[in-house]
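In what follows, a single structure is set out as structure tokens and then discussed.
The values are calculated or read from the model by the stated rules, or taken from the named source; none is laboratory data. Values in this document were obtained by computation on a predicted structure and should not be read as measured data. A quick note on method: Cβ atoms are made from the backbone with ideal geometry, for glycine too, and the neighbour counts reach across all protein chains shown. We work out accessible area using only protein heavy atoms, side chains counted, and drop any ligands, DNA or RNA first. Shrake-Rupley method; radii C 1.70, N 1.55, O 1.52, S 1.80 Å.
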Amino acid sequence: MDILHHFKYPSMFDLQLFGVDISVNKAILTLWIAAFCVLALILIASRKPKFVPGFFQNLIEVSIDFIKNEMLFDMPENQKNAWIPFLLALFGLIFICNIISLVPGAAAVTASLNFTGTLAVIVFITSQIFSIKTHGVRGYFGSFVPRDIPPFILPLLVPIEVITRLARPFSLAIRLFANIFAGHTIILVFFSLAIMLKSYFTGMIPLLGSVLISAFEIFIGFIQAFIFTYLSAMYITEAVGEH
Amino acid sequence: MGPLTMSGLTLAIAAFGCALGIGFLAGKGLEAMGRQPEASGSIRTAMLVAIAFIEAIALYALVIEILILYK
């Protein structure tokens with residue numbers, strides 16, 4: 001009863017670059033298709049912008065307004081515009097990857113810890129580098145100490161702050177990975193239940209269940225992309241803002 | 001009490017705590033939305049973020065279960 005082999009993709013096209021294996025498999029192709037879809041969406045939305053927006057332009061405008069006003073609300077005003085492309089690209093890539101993985105035959109890119117771990121590490125490194133850039137190295141080490149606390153609980157509080165700061169990329173990566181992986185595993189379990197019943201008539205019921213779970217997965221994919229972007233915006237705001 | 005039982009128990013206890021927590025949270029959130037319907041947009045956003053946090057904790061247990069079962 002091995003279900004993990006559905007998430008491992010054999011390489012279709014072996015490539016080597018200075019001894020590092022960068023062979024192409026189905027997940028890489030799906031990731032390229034998703035990135036291309038995000039690019040196409042933004043290009044369609046920004047072609048010939050009208051004052052009364054059409055559908056795609058309105059979609060991107062609502063997303064940008066939401067990111068600017070709700071997600072980045074603690075940031076100083078002059079830096080908000082600089083972070084919007086990064087967060088919009090992050091949200092778009094994760095959402096389109098989650099949606100594409102529900103198409104039969106497509107690979108689930110976000111259901112691999114490699115991909116989500118990479119995104120979380122990117123957000124972590126970006127936030128720490130910009131924190132050092134805004135406050136200097138002294139200010140960066142000073143950000144682990146919250147204000148207005150009596151100094152005798154500092155040896156207890158600073159390690160907790162350090163561990164919190166270091167555990168954030170892990171929690172971001174595992175949250176996204178586990179949600180999408182669990183959703184796809186439940187769909188696979190329904191399919192194997194339909195096969196185990198060995199009858200065309202009663203096998204329809206687990207298939208109906210898998211359709212419902214797929215519909216729920218669309219919603220979960222959107223929520224998880226939104227949560228990843230929202231928490232990344234919160235961590236970046238906390239790293240860059242004054243304290 | 002082999003690995004199969006233990007891994008199932010891990011996820012069951014984690015899901016129990018998570019369901020309790022999300023139930024409390026959603027109840028309080030919906031009550032707040034009923035008290036002040038103008039703020040329901042921001043209450044809904046904050047409630048969803050908190051639900052994702054609690055759900056992530058239940059999913060850490062799922063990852064540990066997969067590690068136990070397949071190692």
Could you list the square roots of 5 times each eigenvalue of the Cα gyration tensor of the stretch B:3-69, that is, the equivalent ellipsoid semi-axes, sorted largest first and rounded to whole Å?
32, 11, 4
Using the eigenvalues of the Cα gyration tensor, what equivalent ellipsoid semi-axes result for the stretch A:1-65 when each is taken as the square root of five times the eigenvalue, whole Å, largest first?
38, 17, 9
Cβ-defined net charge surrounding B:Leu48, 15 Å radius [Lys, Arg +1; Asp, Glu -1]
+1
For chain B, take the longest principal axis of its alpha carbons; what is the angle in degrees between that and the long axis of helix B:3-35, to the nearest 10 within 0 to 90?
0
Computed ³J(HN,Hα) along the stretch B:63-71: with the Karplus parameters 6.51/-1.76/1.60, θ = phi - 60°, integer Hz and x for glycine or proline, the list is 5, 5, 5, 5, 5, 5, 6, 9, 10
Radius 12 Å from Cβ of A:Lys80, net charge of other residues (Lys, Arg +1; Asp, Glu -1)
-3
Note down the accessible area of A:Asp65, probe 1.4 Å, to the nearest 10 Å².
90
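Determine the sum of side-chain charges near A:Tyr235: Lys and Arg each +1, Asp and Glu each -1, restricted to other residues whose C-beta is under 14 angstrom from that of A:Tyr235.
Overall, the nearby charge balance is 0.
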Using the Karplus equation 6.51 cos²θ - 1.76 cosθ + 1.60 (θ = phi - 60°), what ³J(HN,Hα) coupling, rounded to whole Hz, does each residue of the stretch A:224-231 give in order, writing x for Gly and Pro?
5, 5, 5, 5, 4, 5, 5, 5
At a 1.4 Å probe radius, carbon and sulfur cover how many percent of the accessible area of chain B?
74
Round to a whole number: what % of the accessible area of the stretch A:68-159 belongs to carbon and sulfur, probe 1.4 Å?
68
Degrees between helix A:55-66 axis and first principal axis of chain A (Cα, 0 to 90, nearest 10)
40
Debye intensity ratio in log₁₀ form over the Cα atoms of the stretch A:46-176, taken at each q of 0.10, 0.22 Å⁻¹
-0.50, -1.36
Hey, if you drop one equal point scatterer on each alpha-carbon of the stretch A:1-109 and run the Debye formula without solvent, what base-10 log of I(q)/I(0) do you get at q = 0.12 Å⁻¹?
-0.61
Separation in nanometres of the label points that stand 7 Å from Cα toward Cβ, at A:Phe18 and A:Ile42
2.7
Compute from the Cα atoms of the protein assembly as shown the Rg and the Dmax, the latter being the longest Cα-Cα distance, and quote both in angstrom.
22.0, 71
Any idea what angle helix A:154-196 forms with the longest principal axis of chain A, computed on alpha-carbon atoms, 0 to 90 degrees, nearest 10?
10
Between chains A and B, what is the buried accessible area summed over both chains (1.4 Å probe, protein heavy atoms, nearest 100 Å²)?
1400
Work out which residues of the stretch B:23-71 lose at minimum 50 square angstrom of accessible surface when the other protein chains are put back, relative to the chain isolated, with a 1.4 angstrom probe, and list them by number.
B:Thr45, B:Leu48, B:Val49, B:Ala52, B:Phe53, B:Leu59, B:Tyr60, B:Val63, B:Tyr70
Under the 7 Å Cα-to-Cβ spin-label approximation, A:Ile129 and A:Phe73 lie apart by a distance in nanometres of 3.0
Lysine pairs in the protein assembly as shown with alpha-carbon atoms under 26 Å apart, 8 or more places apart or on different chains: how many are there?
10
Prolate/oblate/rounded call for the stretch A:100-243, Cα gyration tensor, a/c under 1.5 rounded
prolate
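For A:Arg147, A:Arg138, B:Arg44, write out the residues from largest to smallest accessible area, computed with a 1.4 angstrom probe and no ligands counted.
Details: A:Arg147 170, A:Arg138 215, B:Arg44 125 Å².
Per-residue accessible area, sorted high to low, gives A:Arg138, A:Arg147, B:Arg44.
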